[in-house]
Amino acid sequence: MRRTRGAVAAAACTAVTAALLCAVPGAQAAPARDTGDVSAGARAADRSGGWHGPVVTRPEQPEIDYPRGEVCPFPAHATFPVVDMVQKTWTNDAGDPVYAVVSGPLVMEATNLDTGRTVRRDVSGTGTLTYPEPGTGTHVLSGGDWGAGLHTGDRPVHNRWLISRGFMAVRYSEDGNGTSRELLELSGPYEDLCETLAE
């Protein structure tokens, strides 16, 4: 397994235009690290009213298919033989999600479809979802021990399949044309599965 220690500088935050991930209204800063409870900012907002929840759900994790060249130079497939996550979501008065915590066991098996090489990775942990503009298709997923595929159209970092063992934050923006991803922060040890599966 190839791992790299280092940090990728946080991408410059731009005005927001959108499972799994990873940001407060206005500031657009990379989210604070979370221990699984509502952050201090979230608690302050909760005290001022307008927050409801949490609603507890058990999200599924569908299989992933990456066509050749979309994330890795080869076609790739991922399955999740172990999925037992719990998500706690807080909403605003309009019923839009504002903040969520996802935790629990999640194991992934990733395969290079050209060679058949398969690796198994435990990506269990705790992640937070923040919604910079509730009611839009934008959210930020952050935390450690999770993975993100950065596609050809993503900027500034693209064509990488990252598994973070430190801290990673990714902004997901969804519109009628699909989903785009922006890497906000990557610090500490991580692995690029495109490199691992190509070995």
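The values are calculated or read from the model by the stated rules, or taken from the named source; none is laboratory data. The shown structure was predicted, so the numbers you read here are calculated from the model rather than taken from an experiment. Heads up, the Cβs are rebuilt from the backbone with ideal geometry, glycines too, and the neighbour counts pull from every protein chain shown. Heavy atoms of the whole protein, side chains included, go into the accessibility calculation; ligands, DNA and RNA do not. Shrake-Rupley method; radii C 1.70, N 1.55, O 1.52, S 1.80 Å.
I'm checking my understanding of the structure. Among residues of region 84-100 that are surrounded by fewer than 17 Cβ atoms within 10 Å (Cβ to Cβ) and touching a strand residue (DSSP E or B) at 6+ places or on another chain (Cβ under 9 Å), which one is nearest to residue 192 (Cα to Cα)? Across region 84-100, the extreme among qualifying residues is 84. Looking across region 61-76, just one residue is more than 18 Å from the chain's Cα centre (by Cα) and either of a type in the set (Asp, Glu) or not in a loop (DSSP other than H, G, I, E, B) (or both), and that is 76.
Within region 101-111, the set of residues being surrounded by 16 or more Cβ atoms within 10 Å (Cβ to Cβ) and out of contact with any Phe, Trp or Tyr (no Cβ under 7 Å at 6 or more places or on another chain) comprises 101, 102, 103, 110, 111.
Taking region 112-138 as the range and being small (Gly, Ala, Ser), open to solvent by 50 Å² or more (accessible area, probe 1.4 Å) and in a strand (DSSP E or B) as the test, no residue passes.
Close Cβ contacts (under 6 Å, 6 or more residues apart or on different chains) running from residues in region 165-187 that are closer than 10 Å to residue 141 by Cβ and assigned to a strand (DSSP E or B) to residues that are modelled with pLDDT under 95 and among the β-branched types (Val, Ile, Thr) comprise 172/179. Here are some conditions: (1) at pLDDT 95 or above; (2) touching a Pro at 6+ places or on another chain (Cβ under 8 Å). Residue 160 meets all but one. Which one does it not meet? Evaluating residue 160 over (1) at pLDDT 95 or above; (2) touching a Pro at 6+ places or on another chain (Cβ under 8 Å) leaves (2) as the failure. Among the residues of region 139-147, is any on the phi > 0 side of the Ramachandran plot, modelled with pLDDT under 95 and open to solvent by 50 Å² or more (accessible area, probe 1.4 Å)? Checked region 139-147: at least one residue is on the phi > 0 side of the Ramachandran plot, modelled with pLDDT under 95 and open to solvent by 50 Å² or more (accessible area, probe 1.4 Å). Checking each residue in region 155-173 for being over 21 Å from residue 63 (Cα atoms) and surrounded by fewer than 21 Cβ atoms within 10 Å (Cβ to Cβ) picks out 155, 156, 157, 165, 166, 167.
For residue 81, the criteria (1) open to solvent by less than 50 Å² (accessible area, probe 1.4 Å); (2) modelled with pLDDT of 95 or more hold in every case but one, which is (1).
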